[in-house]
1. For the structure I just gave you, tell me whether ARG88 is surrounded by fewer than 17 Cβ atoms within 10 Å (Cβ to Cβ) and either closer than 30 Å to GLY154 by Cβ or not hydrophobic (A, V, I, L, M, F, W, C) (or both).
2. Quick check on this structure: which one of THR168, THR201 is of a type in the set (S, T, N, Q) and out of contact with any Phe, Trp or Tyr (no Cβ under 9 Å at 6 or more places or on another chain)?
3. Which residues, taken from region 196-212, are assigned to a helix (DSSP H, G or I) and open to solvent by 10 Å² or more (accessible area, probe 1.4 Å)?
4. Considering (1) part of a loop (DSSP other than H, G, I, E, B); (2) open to solvent by 30 Å² or more (accessible area, probe 1.4 Å), say which one LYS45 fails and leave the rest.
5. Would you confirm, using the coordinates I've provided, whether GLN199 is polar (S, T, N, Q) and touching a Leu at 6+ places or on another chain (Cβ under 7 Å)?
6. Of the conditions (1) crowded, with 20+ Cβ neighbours inside 10 Å; (2) outside any loop (DSSP other than H, G, I, E, B), HIS126 clears all except one; give me its number.
7. Pull out all pairs, ordered by first then second residue, where Cβ-Cβ is under 6 Å, the residues are six or more apart or on different chains, the first lies in region 30-57 and is at positive phi and modelled with pLDDT of 95 or more, and the second is open to solvent by 80 Å² or more (accessible area, probe 1.4 Å) and not in a loop (DSSP other than H, G, I, E, B).
Amino acid sequence: MIELHYHPDNASQFPHMMLREIGCPFELRLVDRDHDAQKSAAYLKLNPNGKIPVLVDDGEAIFETGAIGLHLADKFPEAGLAPSPGARDRAAYYKWMVFMACVPQAEFRAWFYPHEFVDDPALAPHAKASANERLMGIFERVAAQLGAGPWLLGARFSAPDLYLLMMTRWSSTLPTRPVRAFPQIAAHAERVLARPAVQATFAAEGLSAPFV
């Protein structure tokens, strides 16, 4: 049995969407962030970093959002969320998965928690403003790469499209929302949001429109 340790509207949303796209049996295990459950001794045994999400698959705990996505796509190849190894677009798939994890997701850490990036609390607003500028540049580059799309891999829908939707949702907290600034980002989000598995994920997490 697969367990996803999650919190609504958190980084766990990406693997949650993947699991519903795959259609395999899984259990949701709520991590109560409001009471710092991610710092509890029991949770730290699963993820010593004290962050959400964790996927437990056959007793093995997997942490890091991108790693969970890569694992699920390979474990369930019949879901078609990743090109097969050796396929022409497999390299592009790796590129986008690693990019999402290491670039926008990492920058959002600085946006949401700027105090973690400065020694002087008075500098936190400057760190936050800098993160906003970098994130807008990132979305500008993603929009240019999307082009006519409809997906990040061109004609093929894949896991990175779900990852980008989560990043786009987080971007609604930025002063200038990328879905308003970049038509390609808005169109992509609309296409992904129309998928039944994505709608089911948002409903299960108790989220309501507007989603981006």
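The values are calculated or read from the model by the stated rules, or taken from the named source; none is laboratory data. The structure displayed is predicted, hence computed values, not measured ones. Positions of Cβ are generated from backbone atoms using ideal geometry, with glycine treated the same way; all protein chains shown enter the neighbour counts. Side chains are part of the model used for accessible areas, which takes the heavy atoms of the whole protein and leaves out ligands, DNA and RNA. Shrake-Rupley method; radii C 1.70, N 1.55, O 1.52, S 1.80 Å.
1. Judged against the criteria, ARG88 is a match.
2. THR201
3. PRO196, ALA197, GLN199, ALA200, ALA203, ALA204
4. (1)
5. Considered against the rule, which asks whether it is polar (S, T, N, Q) and touching a Leu at 6+ places or on another chain (Cβ under 7 Å), GLN199 comes out as no.
6. In the conditions (1) crowded, with 20+ Cβ neighbours inside 10 Å; (2) outside any loop (DSSP other than H, G, I, E, B), HIS126 misses (1) alone.
7. So the pair list comes out as GLY50/LYS39.
Condition check ((1) in a helix (DSSP H, G or I); (2) out of contact with any Ser or Thr (no Cβ under 7 Å at 6 or more places or on another chain); (3) among the β-branched types (Val, Ile, Thr)) across all residues:
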{"residue": "ALA101", "(1), (2), (3)": "yes, no, no"}
{"residue": "HIS115", "(1), (2), (3)": "yes, yes, no"}
{"residue": "ASP119", "(1), (2), (3)": "no, yes, no"}
{"residue": "GLU140", "(1), (2), (3)": "yes, yes, no"}
{"residue": "GLN145", "(1), (2), (3)": "yes, yes, no"}
